[in-house]
Structure formats: C-alpha cells, structure tokens
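Inspection log for the structure reproduced underneath, given as structure tokens.
The values are calculated or read from the model by the stated rules, or taken from the named source; none is laboratory data. Computed from a predicted structure; not experimentally measured. Here the Cβ is made from the backbone with ideal geometry for all residues, glycine too, and neighbour counts use every protein chain on show. SASA here: full protein model, heavy atoms, side chains in, ligands and nucleic acids out. Shrake-Rupley method; radii C 1.70, N 1.55, O 1.52, S 1.80 Å.
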There are 2 protein chains.
Amino acid sequence: MDIRDKRIAILAPVAWRTPPRAYGAWETVASNVTEGLVARGFRNVTLFATKDSVTKARLVGFVERGYEEDKTQVPPVSTCLHISKALERADEFDLIHSHFDYLPLTYARLIRTPMLTTIHGFSEPDILRVYREYKDTHYVSISDADRDPELPYVATVYNGIDLSNLTFRQQPGEALVFLGRIHPDKGLHLAIETAKKADMPLLVAGIVQDRAYFDHCARHFDGTRIRYVGPVDPVQRDELLKEARALLHLNTIPERFGLVMAEAMAAGVPVVAMDLGSCREVIEDGRTGYLVHNVEEAVEAVRRIDRIDRRQCRQRVEANFTIDRMAARYEDVYAEIFRREAEKH
Amino acid sequence: MDIRDKRIAILAPVAWRTPPRAYGAWETVASNVTEGLVARGFRNVTLFATKDSVTKARLVGFVERGYEEDKTQVPPVSTCLHISKALERADEFDLIHSHFDYLPLTYARLIRTPMLTTIHGFSEPDILRVYREYKDTHYVSISDADRDPELPYVATVYNGIDLSNLTFRQQPGEALVFLGRIHPDKGLHLAIETAKKADMPLLVAGIVQDRAYFDHCARHFDGTRIRYVGPVDPVQRDELLKEARALLHLNTIPERFGLVMAEAMAAGVPVVAMDLGSCREVIEDGRTGYLVHNVEEAVEAVRRIDRIDRRQCRQRVEANFTIDRMAARYEDVYAEIFRREAEKH
C-alpha cells in the first residue's frame, strides 16, 4: 500500500487555533506537518485541532476555540476532551501523530492504532515519568540535543519553517538583531552587552514574557543605537531581517530547536549563537554563523561576520529546515513505524 | 452470580494516602466505601490508590505517595499515570467505581468495563462539559441538592462516617461549636455573630484555609467566650463535641453533603444549619436540629435547642450515615448498573 494512502491523524494542541494567529509554537509545527504531508500527496490526513482551525486536510474539532483565546474554558477540561474525542476514533486511522505533550500517551494502550509523539520539549522534568512509562509507543525528538538518554527515539526531525515572507537578501543590513521572547532564557541582556562592546546598533523585537526582565533591559533602549520595536508579525519580521547584519541568539539555557535561527538564515542573515543545546545543529559553525560561549566570543564573532557567505545560510535552510523537508522526514518515520508494527504482529 | 463475588475496582484520588492521615475528603470516602464493601462480605475488591495506602481490600498503586505529601511530583503527571495504569487493567474487573473527578471518564469509551463515578463536587462549572459528554457511564450524587439537572444519576448515596471516636452523649455541653475549614464558605463570621447575640460561648476548631478571613474573625477570639482551639484530630474532635450544646453550620454557599453535621449528630449534638444545599437532607428540621436562613433565625434556634432529643440525632446517623449504610446503598447501585449493562448486551 502506498504510504500516502495511509490514514494519518495529526493531534494538535488546543491552546491556540492551528495554525495560530500569532504565538503558538506547537500548533505551528502541527500545522506545518499537516500541510506538508498534504502537499507531498498524502491523501488521507485528518487534523484534530480547535474547530476554528484552518487546514487543507480534513479538520475534526471538539473544542470550539483555543483555551488561550477563550478564558471561559478550564484548560485541563478542554485538553482531556480534545484528546479523548480524537482517540475514541483511533480505529479510523493507521497512525496517530501527536504534538500534544504527554497526556495522550496515557490512552495509548487502550487503543490499537500506533501512536507517534513529537516531543516538543519537557516542560517539567517530572513529565519524563510518562514518557518512560510509554516507551512502547514511538518518539521523535526535534533536535539531537533535546533527547532524554532513557528514551528510545525513531529519529530526530527538525522543525520546518514556512519560507514565504522570508526574503533572501544578499546585501547585509547595518544592525545586529535580537528576535525572540523577552525572557532571561533568550539572553537579551547578553545581546545588549555584545552590541555595546562591538559598537554596533541593535534592534530588539519580540513579545514581553518577563516584565521585570524587560524593564531591566529597557534601561539600555535609547531609541537609536539600541531600539525595541515590539512584537513582529511575519511581514514585519521580514522588514526587520532586511536591517540585519547578524542575528544574536545568546540563549542562556539549552535550545530545543530554535526556529528563529532558521528564519534568520532563510533571509540570508548569519547567526551568532550560544553553543547550548541544538544551536550547533541548526547553524553550521563557521559557514552560516558562529557558535560562541560568552560575550567576548560573541563580540569577536560579529566582527568577522562578513566572512559568512549569506547564500550558504539560505541553502542550509532549504536543505534542512523547510516544511517539505520536515514532511519528507516524517514520511520516512511513518514508514519505519509501520515496519516495526508489522513485525510485532 | 452473588454480587459479592463481583470484581470491584475502587479508584481513589492520589492527592493523599487512602485513608488520609489528616485532611483528604475524597480519599476518606474512597476508603470508607472500600472497607465498607469488604466488611459487607465483598470478596473481590481492589483499591487503586497511592502505594502507601492502607486497606483490607487488595491494594494496587502506581504512585508512591500522595502528591500533596511529596512536592517533587507534578500533580497532573501523577494523576494521569494513576488513572491509566488502573484502567489498562479494566478487563480484570466487573465494575470500576471512580472517586476521581472527571478525568477517568475520558478513558471510559476505550475500555469495556462499566464505570461508576461518585461525583463529590463540581470544582469548576466547566468540568460539567466532561460529565455531560460521558452520560452513558453511571453517576451517583452525594446529596439530592448537589445534582446537575442535565445529568442522569443512578442514585444519591450519602457519605457514611466512621462512628468510632464519636461518643454519644445524652448530656449537652455548654458551648456552641464551629467545626470546619476556616473559610468564608463555612460562615464562621455568622457563627460568631450568632454566639454573641445569643450570649453563649463559642468554640471554634478547624484548619485555616483563608488566612485573611481567619485574621478578620480572630479579632473576636477572646480566649474565654469565643475561643479558637486549632485543627482537631478524631480524638480531639470527640472531646470538643462533649462541650457542645449545638453545632453551628451557617454555610454561605450550598453544602454538597456536610460530613461535620453527621459527625456532630453522631455525638448527640443537634445542628443549626443554613438551609442551603444538602443541609435539609442531612439534618431533620425540628428533630435533629434547625434549618435557618439568617443570624436572627440562628439565634432563635439556639435558644430552643434543648427541645431537640439528642437520641434522635444519633439515631438519624445510625439509620442513614454509617459506612455500612453507604456500602449497602452502593451494593444496590452496583446491582442496578449490572442490570442496566446486561440489558444493553
């Protein structure tokens, strides 16, 4: 049987619509996987998501709207109903591909359809108890770095990004750019320090997730050399990247994947990234940016950023981080799962 | 087949040990049902609870300790693992009797064993979405008052209490007694006002659940006429009830059941209760206490409290609110469920 005739159920989270209107990382990936499979010719894909979601696949929803967009909902109530209503139909599918964290795993032994979970992150170490208990299902990691040593994985599948609104530009801009949630994890304070020491302008964009930290950083915003431009939508992001000589991604905790690095490279912007977590998988050190370990190294790196060929940045994304590339990898993962399941029976 | 040979699984919560060492209302009821069934001669009862639980039935646990007693656990993780590990063994049982709120319902259609849920309360109105979705399972209410009009119920089964450490005393004490969580819902401020207007001493016992409210009430504690004695264990509770002329239960929101009213009556103590929710089911107005609607009526009621025959109080508990009475009612409920399930097939 052609794998593209297999009946695939994609289980998205229901915090936001799929795809989300603005923020919502896991819903974004669930959407990209779904649309990527349809674009590759999968003929039987069903997306389980909020009822107001948008997809070229078949949409099945039980929850009207994302609970983050409708505060009358108690999130665990919407969550468990969304999962149970989907899994009660498990027999209609050949594979259930969950992007929904750990809870669906606890239903896995009560259904016959194999379940694949893309582990988008371990929100708390204690959730490993669930993943370790349901090792007989199938796991995918989103980077080699973001793996738990006790879990078996079928593969790492990098996130794919939508290249529309990411215009490749051969000509570098003048500024350093920080793009991400304003939170200590993302190291804006290190980006500011780097820009000052390198004596280069810095443009800062992103949603404020930690207000006190934002206020701490905002003392340095002078409206000219170091400037905060607020959150950006995809069109504004493209304009921002036009100004970029390099992206500063000086994360302070291990990155799980780091979509923004791929986005910057897609626009031809090299990345100076802290060598923590997945950064060394997303950028190619010395070819699409530089891995650093501290501010001094970051300053050094931005000083030699013009040595990076911006076309290499774009090419790395096209070869590794497109939606189609991701869908192709999942096609291989699905084939491997069907092979393993057939062996069991 | 003798119903006492049926394989019954009792699913307790895992916030606390079953039975709890101190606080833990739902675990207490789960324990009382389990032990009550065993005492009635049920030969095949399995209690799913924390591993450190204590029971005369067969104990099966997956979670080591209650998550309220071990803060390293993320409660939703322990919760879903406890439920899934129990329900994966559903085929070993003829009936699963859940005391675990709404989450187990979302697994119910994936197993073959019928599920009965004792609805101990609707913690949030939104959880009704789950109960309404799984109406094809079986529900028991803990009072006629605590019913949702859209849900079908097999029966109301009142909670049964353990009569040990509840000594019946013919001779009334001198004081009014408040016993319960110190929280506005329980109306301590109304009890204080009533005691003052009736010019009678008041003894206050219970855990502090709302610190600001406690401080507000504490202005009236003078160490003699109005006195706070702290939380009480069962032995201390018995001593406290010895001092009681009446229990003041001037709840400000509808009571779901009201164990403390049954406990007081077991000791022979009449109850003055707000006519809200289940109070009119637990006490018999004019025979084991008085239902009131405001402080004025409460003052009137305590003035004529000696008209209540304290033996009637004890007898009401023995006839309605013992563990064996509860277990006997559940035996009837189980029989009704087996009858209904047999009809389906």
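When restricted to residues that are open to solvent by less than 60 Å² (accessible area, probe 1.4 Å), part of a helix (DSSP H, G or I) and either among the aliphatic types (A, V, I, L, M) or under 23 Å from B:Arg304 (Cβ atoms) (or both), region B:183-214 contains 7. Listed conditions (1) in contact (Cβ under 8 Å) with a residue 40 or more places away in the chain; (2) out of contact with any Asp or Glu (no Cβ under 7 Å at 6 or more places or on another chain); (3) within 22 Å of A:Val130 (Cβ to Cβ) are all met by B:Val33, apart from (3).
Evaluation of A:Lys197 against the conditions (1) under 20 Å from the mean Cα position of the chain (by Cα); (2) touching a residue at least 60 places away in the same chain (Cβ under 8 Å) shows that the sole unmet condition is (1).
When region A:46-87 is filtered for residues that are buried (at least 17 other Cβ atoms within 10 Å of the Cβ) and under 19 Å from A:Gly160 (Cα atoms), the ones remaining, listed by number, are A:Leu47, A:Thr55, A:Ala57. Determine whether A:Leu176 is open to solvent by 10 Å² or more (accessible area, probe 1.4 Å) and more than 14 Å from every other protein chain (Cβ to nearest Cβ). Answer is no for this residue.
Of all the residues in region B:113-137, those that are open to solvent by 10 Å² or more (accessible area, probe 1.4 Å) and under 21 Å from the mean Cα position of the chain (by Cα) number 6. B:Ala15: in contact with a strand residue (DSSP E or B) (Cβ under 6 Å, 6 or more places away or on another chain), modelled with pLDDT of 95 or more and either under 23 Å from B:Ala90 (Cβ atoms) or of a type outside the set (Val, Ile, Thr) (or both), yes or no? It is false that B:Ala15 is in contact with a strand residue (DSSP E or B) (Cβ under 6 Å, 6 or more places away or on another chain), modelled with pLDDT of 95 or more and either under 23 Å from B:Ala90 (Cβ atoms) or of a type outside the set (Val, Ile, Thr) (or both). The helices (runs of 4 or more DSSP H) located wholly in region B:218-323 that include 3 or more residues which are crowded, with 24+ Cβ neighbours inside 10 Å and within 19 Å of the chain's Cα centre (by Cα) occupy B:259-266.
Is it the case that region A:139-151 has a residue that's closer than 24 Å to A:Arg89 by Cβ, in contact with a strand residue (DSSP E or B) (Cβ under 7 Å, 6 or more places away or on another chain) and crowded, with 17+ Cβ neighbours inside 10 Å? There is at least one residue in region A:139-151 that is closer than 24 Å to A:Arg89 by Cβ, in contact with a strand residue (DSSP E or B) (Cβ under 7 Å, 6 or more places away or on another chain) and crowded, with 17+ Cβ neighbours inside 10 Å.
Restricting attention to region B:161-182, the residues that are among the basic types (Lys, Arg) and closer than 24 Å to B:Asp306 by Cβ total 1. Cβ-Cβ contacts under 7 Å between residues 6 or more apart (or on different chains), taken from a first residue in region B:290-318 that is at pLDDT 95 or above to a second residue that is of a type in the set (S, T, N, Q) and open to solvent by less than 10 Å² (accessible area, probe 1.4 Å), are listed as B:Val295/B:Thr194; B:Ala298/B:Thr194; B:Val299/B:Thr194; B:Val302/B:Thr194; B:Ile308/B:Thr288; B:Gln312/B:Thr288; B:Cys313/B:Thr288; B:Arg316/B:Thr288. Among the residues in region A:237-247, are any touching a residue at least 12 places away in the same chain (Cβ under 8 Å) and either outside the structural domain of A:Gly206 (by TED's automatic domain parsing) or among the β-branched types (Val, Ile, Thr) (or both)? No, region A:237-247 contains no residue that is touching a residue at least 12 places away in the same chain (Cβ under 8 Å) and either outside the structural domain of A:Gly206 (by TED's automatic domain parsing) or among the β-branched types (Val, Ile, Thr) (or both).
Given region A:45-159, what strands (runs of 3 or more DSSP E) lie entirely inside it while holding 3 or more residues that are within 14 Å of chain B (Cβ to nearest Cβ) and free of Cβ contacts under 8 Å to residues at least 40 places away in the same chain?
Passing ranges: none, list empty.
Considering region B:152-162, and only residues there that are over 14 Å from the mean Cα position of the chain (by Cα) and open to solvent by less than 50 Å² (accessible area, probe 1.4 Å), the residue that is farthest from A:Phe62 (Cα to Cα) turns out to be B:Ala155.
Determine, yes or no, whether B:Ala327 is of a type in the set (Gly, Ala, Ser), in a helix (DSSP H, G or I) and assigned by TED's automatic domain parsing to the domain that holds B:Leu188. Reasoning before the result, please.
Numbers: of a type in the set (Gly, Ala, Ser): yes; in a helix (DSSP H, G or I): yes; assigned by TED's automatic domain parsing to the domain that holds B:Leu188: no.
For B:Ala327, the condition - of a type in the set (Gly, Ala, Ser), in a helix (DSSP H, G or I) and assigned by TED's automatic domain parsing to the domain that holds B:Leu188 - is not met.
Among the residues of region A:8-45, none is identified as more than 17 Å from the chain's Cα centre (by Cα), open to solvent by 20 Å² or more (accessible area, probe 1.4 Å) and of a type in the set (Phe, Trp, Tyr).
Listed here are the residues, each with its yes/no results for (1) among the acidic types (Asp, Glu); (2) closer than 22 Å to A:Asp148 by Cα; (3) modelled with pLDDT under 95.
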position: A:Val74; (1), (2), (3): no, no, no
position: A:His82; (1), (2), (3): no, no, no
position: A:Asp91; (1), (2), (3): yes, no, no
position: A:Ser98; (1), (2), (3): no, yes, no
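Do we have any residue at all in region A:324-338 that's closer than 22 Å to A:Arg169 by Cα and crowded, with 21+ Cβ neighbours inside 10 Å? No, the conditions are met nowhere in region A:324-338.
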